[in-house]
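First up is the structure itself, then whatever we jot down about it.
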Amino acid sequence: MQQNKKRSGVADAGLDQGQQRILRWLERYPFQRAQDLVVALSPWEGRGAAYRRIAELETRHLIESVRFGASTREHLYHLSPVGRSVCAGWNVERGRQGRTLVLREEREKLVRLLPRLPVWLIVQDLVNGLVLGAARALARAGTGQEAEHVHWNWARDYTHAFVARGREARLLRVHADGALTLCLRFASPQTGATEEWLTFLLLHCPLDDGRLLRSRLDRIVRWRESEERWPVYSQMPPVLILATTPRQAEWWQRAWAQVTTNMRVDGPLGAMACLPKDQRIGNSWRLAWRTLGTNESCHIRELAQPGSAPALPELAEVFVPWERILRQEAEQVWQVPPYPGRCSYELAAKAQEAAERNSTRTSQAHGSVPSAADPNHVDYRLMSLFLVPRQWEILSLVFAHPLLSRDELSIVLGMRPKPAQILLADLAQKDILTRKETTVGGRWQLSEAGLRLQAHRASCHVYRFVRLPVTPGAPLVQRGVAGLVHQMRHTVGIYRFFTTLMSDLTASPVAWLRWWETGAMCEHVFVYREQTYHFKPDALASVQLGAREVRMWLEWDRGTMGVRDLERKCATYAAYLSSREWARTGAYPPALVYVAPEIAQERRFVKTAGALLAHIPGLRLYTTTASLLDIHGVLTPIWQPVTLQTTHSRFLPAGSLERDTLPEHVSRVALFAEE
């Protein structure tokens, strides 16, 4: 108690303008890095002065910091209870509505933001790059005149409720990971000072979920078409999407096409760029931006629509008016009132205490669900503070491919088994991952806390990812896991194929597996000749062979499919290829790789494919057996190329057992297709 009194009495001197700016900025945007505060204070102070202000405020216990696992060398600053009380006192004196500071409520607000920090740090880098490079990138054409001042404001997790058009009025909510407005002031001797406002919606989804991407774009389009946007229809802010990988960029483009086709309207104006591998954005204007829909190279300047006011009224209050207030009251010295009681939220200490309590608690019985009121219950939001980048990769990988084993996870991540086991054990200790015992050994899947963490991270409801209907009192289970468990050997076969492929490709410096998808991510529902088809390959993958990208469908047959099942599957492939649905993702259709349990089933499939797929030009098909794959590996001459038809009408006998090497055969077919 004496220590708390001592801390509360430390900050009893006045605050200068720079310190007040930092407190006001952190009041609105908690968990800011020092480099973010430097950008916020750049119109008034340099980097050195900003760092001194931060150190002074931290010494006076007006701000606190935590270290995030994804950036261990950087501190994330937020207001302490003393700083929060100072800002609350300012708001009361300025006539704003004040509220009593409740430590528990304020701490809960901060804890609620923790799972979103990985996304916000990336979006914040994008915003910083746009702000710092705006003057030069948006110089007036012809004269090259740069803006004299650049004022800006942005909002995290911008949401807006609107009434959608339709037969039944529905209340929907548009969501963006950020919204940025820029105010450029140009000085002219003839017309005086003029201002131009530009507004952007920022999207960045950390998960590869096609339905989630479509939902984000669908809400934006419906908001633009709503009645409230009719008077300002042409002032719709352009969308800037930052994709995590080139593959996710393709999914964003596909989501754009599906939304516009279903609604029969033009898509939103916007551009998309991929996040660099080192996650260092730098100058955001110089990223490789491509337009939504056409996928052509562009510059953000081409999308900008200058106006006399921000397109989003919520962003009208910019940071600059605070400077005018501070200038008018420069002679007044703001005093920091003493704050009774504890003066720290102790977020990191609480999280560490919860982790230690979780490591020493006894294991619970199977089927029991920890309650939030349980003193041994660990808050997954606090646990997200300690997750390192490798653990976030593991969570994303297990989310995309549930029920991977430890050895498979280590191969996909390029790690040794022992470090992978340590990371998995730590995630299991935090109740984010759970180990499921199956007929083929222990497998890993997301626990209920892990699903909630991923949903919170992607800013969506957890029910989007779980199996419905939800049983009261039972833990939430990820959608699709029950089906994978039901056919576990089939699932293990698919995972074994790709882990073997990755292991074999490590010896080649010019070949690697770019990405692979299973489950709902490689499924498509399409209509061809007034008939609906459900195209569902076991997996879809992309292999980089030198300068060429080769894509393949994988069909893993355990001998459970009869002749009718094979005919139905080949007929679906024929309809999918004939309808040219594959042309949405590439210039050439993927190759079809079929793995049979034995030679008899392999010959049966080749015969069926020859009867139903012979009319498909340029189809690349090759088969093998699971025993050959297990003994020799993927990159050995175990494959039987089946040339059904080419442009020169050359045929390979269906019963031929000539074996070839997979990558070499695919390369030759790709070269022939280009000719």
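The values are calculated or read from the model by the stated rules, or taken from the named source; none is laboratory data. Keep in mind that this is a model prediction, so the values were computed, not measured. No Cβ is skipped: glycine too gets one built from the backbone with ideal geometry, and neighbour counts run over all protein chains shown. Please note that ligands, DNA and RNA were not included when accessible areas were found on the heavy atoms of the full protein model with its side chains. Shrake-Rupley method; radii C 1.70, N 1.55, O 1.52, S 1.80 Å.
Things worth noting here:
- For Leu76, the criteria (1) assigned to a strand (DSSP E or B); (2) modelled with pLDDT under 90; (3) under 26 Å from His151 (Cβ atoms) hold in every case but one, which is (2).
- Boolean, Ala179 is closer than 19 Å to Trp252 by Cβ, of a type in the set (A, V, I, L, M) and in contact (Cβ under 8 Å) with a residue 60 or more places away in the chain: yes
- Those helices (runs of 4 or more DSSP H) of the stretch 399-462 in which 1 or more residues are farther than 30 Å from Trp512 by Cα and either open to solvent by 40 Å² or more (accessible area, probe 1.4 Å) or out of contact with any Pro (no Cβ under 8 Å at 6 or more places or on another chain) (or both) occupy 417-429, 448-457.
- Considering residues of the stretch 188-222 that are farther than 20 Å from Arg156 by Cβ and in a loop (DSSP other than H, G, I, E, B) only, the residue least open to solvent (accessible area, probe 1.4 Å): Asp209
- One residue from Pro206, Pro238, Pro231 being of a type outside the set (A, V, I, L, M, F, W, C) and free of Cβ contacts under 8 Å to residues at least 40 places away in the same chain: Pro231
- For the stretch 507-519, a residue qualifies if it is surrounded by fewer than 13 Cβ atoms within 10 Å (Cβ to Cβ) and either of a type in the set (Asp, Glu) or in contact with a Gly (Cβ under 9 Å, 6 or more places away or on another chain) (or both), and exactly one does: Val510.
- On the stretch given as the stretch 259-294, residues that are open to solvent by 30 Å² or more (accessible area, probe 1.4 Å), hydrophobic (A, V, I, L, M, F, W, C) and not in a helix (DSSP H, G or I) total 4.
- Complete set of residues in the stretch 42-62 that are aliphatic (A, V, I, L, M) and either open to solvent by 40 Å² or more (accessible area, probe 1.4 Å) or more than 14 Å from Leu26 (Cα to Cα) (or both): Ala49, Ala55
- On the stretch given as the stretch 464-483, residues that are polar (S, T, N, Q), surrounded by fewer than 16 Cβ atoms within 10 Å (Cβ to Cβ) and within 16 Å of Thr434 (Cα to Cα) total 0.
- Among residues of the stretch 549-570 that are of a type in the set (Gly, Ala, Ser), those with a Cβ under 7 angstrom from a residue that is part of a helix (DSSP H, G or I), sequence gap 6+ or separate chain, pair up as Gly559/Gln601.
- Hits in the stretch 484-500 - residues which are open to solvent by 30 Å² or more (accessible area, probe 1.4 Å) and closer than 18 Å to Leu397 by Cα: Leu484, Val485, Arg496, Thr500
- The stretch 582-623 - residue that is part of a helix (DSSP H, G or I) and in contact with a strand residue (DSSP E or B) (Cβ under 7 Å, 6 or more places away or on another chain) and, of those, nearest to Ala571 (Cα to Cα): Ala609
- Failed item, numbered, when Thr532 is tested on (1) at pLDDT 90 or above; (2) assigned to a loop (DSSP other than H, G, I, E, B): (2)
- Count - residues of the stretch 362-387 that are open to solvent by 50 Å² or more (accessible area, probe 1.4 Å) and either aromatic (Phe, Trp, Tyr) or at pLDDT 90 or above (or both): 1
- Hits in the stretch 493-535 (condition: closer than 25 Å to Cys570 by Cβ, aliphatic (A, V, I, L, M) and under 27 Å from the mean Cα position of the chain (by Cα)): Ile494, Leu501, Ala520, Met521, Val525
- Some residue of the stretch 554-564 being under 30 Å from the mean Cα position of the chain (by Cα), small (Gly, Ala, Ser) and at pLDDT below 95: no
- Of the residues making up the stretch 230-251, just one is within 20 Å of the chain's Cα centre (by Cα), surrounded by fewer than 15 Cβ atoms within 10 Å (Cβ to Cβ) and either of a type in the set (Phe, Trp, Tyr) or not in a loop (DSSP other than H, G, I, E, B) (or both), namely Pro246.
- Within this structure, Tyr29 passes the test of being at pLDDT 90 or above, surrounded by fewer than 19 Cβ atoms within 10 Å (Cβ to Cβ) and aromatic (Phe, Trp, Tyr).
- For the stretch 530-546, taking the residues that are more than 22 Å from Arg211 (Cβ to Cβ) and in contact (Cβ under 8 Å) with a residue 12 or more places away in the chain, the one that is most open to solvent (accessible area, probe 1.4 Å) is identified as Gln531.
- Number of positions in the stretch 565-579 that are of a type in the set (A, V, I, L, M) and more than 33 Å from the chain's Cα centre (by Cα): 3
- Looking only at the stretch 110-162, and only at residues there that are of a type in the set (S, T, N, Q) and open to solvent by less than 10 Å² (accessible area, probe 1.4 Å), the one that is farthest from the chain's Cα centre (by Cα): Asn153
- Verdict on Glu549 being touching a Lys or Arg at 6+ places or on another chain (Cβ under 8 Å) and open to solvent by 20 Å² or more (accessible area, probe 1.4 Å): yes
- Residue in the stretch 501-516 that is part of a strand (DSSP E or B) and closer than 16 Å to Phe399 by Cα present: yes
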